[in-house]
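See below for the structure under consideration.
The values are calculated or read from the model by the stated rules, or taken from the named source; none is laboratory data. These numbers were taken from a predicted model, which means no experiment stands behind them. Cβ placement follows ideal geometry from the backbone for every residue including glycine, while neighbour counts extend to all protein chains displayed.
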Amino acid sequence: MMIHSLDLPPSDAAVDAWLAVLTDAGAADLPQLPAPSRTEVAGRLRVGPARGRPVLWAADGAAGVASLILFMDEGNTHTAFLDALTVRPQERRRGVGTALWERVREELLAQGRTSVMAQVDLGGPGQAFAESLGFENVLPMAWYEQEIPAAGPAQVPATPGYELLTWHGLVPDAWAPAAAAAHDAMEDAPSGDMDEAIPVWTAQWLHAMQQVIIDRGGEPITVAAVTEAGEVAAYTELVLPDSSGPRALQYDTVVVPGHRGHGLGRAVKLRMAAEAAARYPALRRIATTVADANTPMRTVNESIGYRRGRGAGIFQLKL
């Protein structure tokens, strides 16, 4: 089995082949989910993440693909993230996945990486393959989904002492430092035994992360609860990988410790759902992952209509 590295940015033909692999695998493994759009796939392949350097491989005949992100941010140059290792159903059990993994492993060792992580759905071929390589589930989690009802989301509760603001695209410069400070409150979120340092958020880092989403053809939205003193007390982020598609991804939701107990997490999420439903008529569902140990966020999600779906986890291998 021949495995070759892809040039960056990949050609149209390479993007189409990659999309075909993901579409076939998704139809077999997760038939309840819509196939990824070409806009989404091309964006992820052609615009690298803010945190690191991507390396892409493909097997001959579009039998399978693999994508590795080598973290470059301070404190994380020892580790990496396996963003994809996918084999077409009809090509499985022929050594394609193993051949792809060998190229990934060679790159990890060549770059001096001592660990690698991947997000894996439980109960499917991905889990079995990861465990056969020695990966362990260090952060159990699950996918949760919220349907957007035809009548619109529930009414947003009042937030005395806080104003709810919505920002499409980049967070405005005037609010970026406060928003970055709120991101640092994620430090107390469950992280299991992940061999990864939490990055220190700055206004520049926040904008860089959001710009990647935009450059990939997606749309980020932030809803924040702010104080008169100019503090971001809570926020939630939504990303539409393709604004014409039916599905959005809920990214981080954080309530700063000093502002907890006021219902701000529920309020920003409900405002986000209302804003998204009004702005994107094709949107039908919002998906997110929550760590099993994050009981407060699971409680908030369930109160506004999220329902638990398939299990997942951050799987990690020490090299």
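I'd like to check something: does the stretch 271-281 contain any residue that is over 30 Å from Pro9 (Cα atoms), in contact with a Lys or Arg (Cβ under 6 Å, 6 or more places away or on another chain), surrounded by fewer than 17 Cβ atoms within 10 Å (Cβ to Cβ) and not small (Gly, Ala, Ser)? Within the stretch 271-281, not a single residue is over 30 Å from Pro9 (Cα atoms), in contact with a Lys or Arg (Cβ under 6 Å, 6 or more places away or on another chain), surrounded by fewer than 17 Cβ atoms within 10 Å (Cβ to Cβ) and not small (Gly, Ala, Ser).
Here's the yes/no breakdown for (1) closer than 22 Å to Trp175 by Cα; (2) aliphatic (A, V, I, L, M):
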site	(1), (2)
Trp205	yes, no
Ala208	yes, yes
Arg216	no, no
Ser243	no, no
Pro246	no, no
Gln250	yes, no
His262	yes, no
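Filtered by the rule that a residue be among the polar types (S, T, N, Q) and out of contact with any strand residue (DSSP E or B) (no Cβ under 8 Å at 6 or more places or on another chain), the stretch 97-116 gives a lone residue, Thr98. Within the stretch 71-98, being in contact with a Gly (Cβ under 7 Å, 6 or more places away or on another chain), buried (at least 21 other Cβ atoms within 10 Å of the Cβ) and under 24 Å from Gln210 (Cβ atoms) holds for one residue alone: Phe71.
The residues in the stretch 31-63 that are over 27 Å from Ala110 (Cβ atoms), surrounded by fewer than 20 Cβ atoms within 10 Å (Cβ to Cβ) and either among the acidic types (Asp, Glu) or out of contact with any Gly (no Cβ under 8 Å at 6 or more places or on another chain) (or both) can be counted, and the count is 3. Of the listed requirements (1) at negative phi; (2) at pLDDT 95 or above, Gly230 misses just one: (1). So, of the residues in the stretch 99-155 that are more than 28 Å from Gln250 (Cβ to Cβ) and among the β-branched types (Val, Ile, Thr), which turns out to be surrounded by the most Cβ atoms within 10 Å (Cβ to Cβ)? Among residues in the stretch 99-155 that are more than 28 Å from Gln250 (Cβ to Cβ) and among the β-branched types (Val, Ile, Thr), the one surrounded by the most Cβ atoms within 10 Å (Cβ to Cβ) is Val104. Of the listed requirements (1) modelled with pLDDT under 95; (2) under 24 Å from Thr98 (Cβ atoms), Pro36 misses just one: (2). Of the residues making up the stretch 96-104, none is β-branched (Val, Ile, Thr), in contact with a helix residue (DSSP H, G or I) (Cβ under 8 Å, 6 or more places away or on another chain), farther than 30 Å from Glu302 by Cβ and in contact (Cβ under 8 Å) with a residue 12 or more places away in the chain. The residues of the stretch 232-260 that are of a type in the set (D, E, K, R), surrounded by 19 or more Cβ atoms within 10 Å (Cβ to Cβ) and either more than 13 Å from Trp167 (Cα to Cα) or over 13 Å from the mean Cα position of the chain (by Cα) (or both), listed by number, are Asp242, Arg247. Hey, can you tell me all the residues within the stretch 67-88 that are in contact with a Pro (Cβ under 9 Å, 6 or more places away or on another chain), under 21 Å from Gly124 (Cβ atoms) and touching a residue at least 60 places away in the same chain (Cβ under 8 Å)? If the condition is that a residue be in contact with a Pro (Cβ under 9 Å, 6 or more places away or on another chain), under 21 Å from Gly124 (Cβ atoms) and touching a residue at least 60 places away in the same chain (Cβ under 8 Å), then Val87 is the only one that fits. Of the residues Asp173, Asp193, the single one that is outside any helix (DSSP H, G or I), of a type outside the set (Ser, Thr, Tyr) and modelled with pLDDT of 95 or more is Asp173. In the set (1) assigned to a helix (DSSP H, G or I); (2) touching a residue at least 40 places away in the same chain (Cβ under 8 Å), Ala224 fails one condition alone, (1). Would you confirm whether or not the stretch 34-48 contains a residue that is out of contact with any strand residue (DSSP E or B) (no Cβ under 8 Å at 6 or more places or on another chain) and among the polar types (S, T, N, Q)? Yes; the residues of the stretch 34-48 include at least one that is out of contact with any strand residue (DSSP E or B) (no Cβ under 8 Å at 6 or more places or on another chain) and among the polar types (S, T, N, Q). Taken over the stretch 208-230, the residue count meeting the criterion of being surrounded by 19 or more Cβ atoms within 10 Å (Cβ to Cβ) and over 16 Å from the mean Cα position of the chain (by Cα) is 4.
Results for (1) part of a helix (DSSP H, G or I); (2) under 18 Å from Gln211 (Cα atoms); (3) in contact with a strand residue (DSSP E or B) (Cβ under 9 Å, 6 or more places away or on another chain), shown as yes or no for each residue.
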{"residue": "Gly245", "(1), (2), (3)": "no, no, no"}
{"residue": "Leu249", "(1), (2), (3)": "no, yes, yes"}
{"residue": "Val268", "(1), (2), (3)": "yes, no, yes"}
{"residue": "Glu275", "(1), (2), (3)": "yes, no, yes"}
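Inspection of the stretch 174-181 identifies at least one residue that is touching a Gly at 6+ places or on another chain (Cβ under 7 Å), touching a residue at least 12 places away in the same chain (Cβ under 8 Å), of a type in the set (A, V, I, L, M, F, W, C) and crowded, with 19+ Cβ neighbours inside 10 Å.
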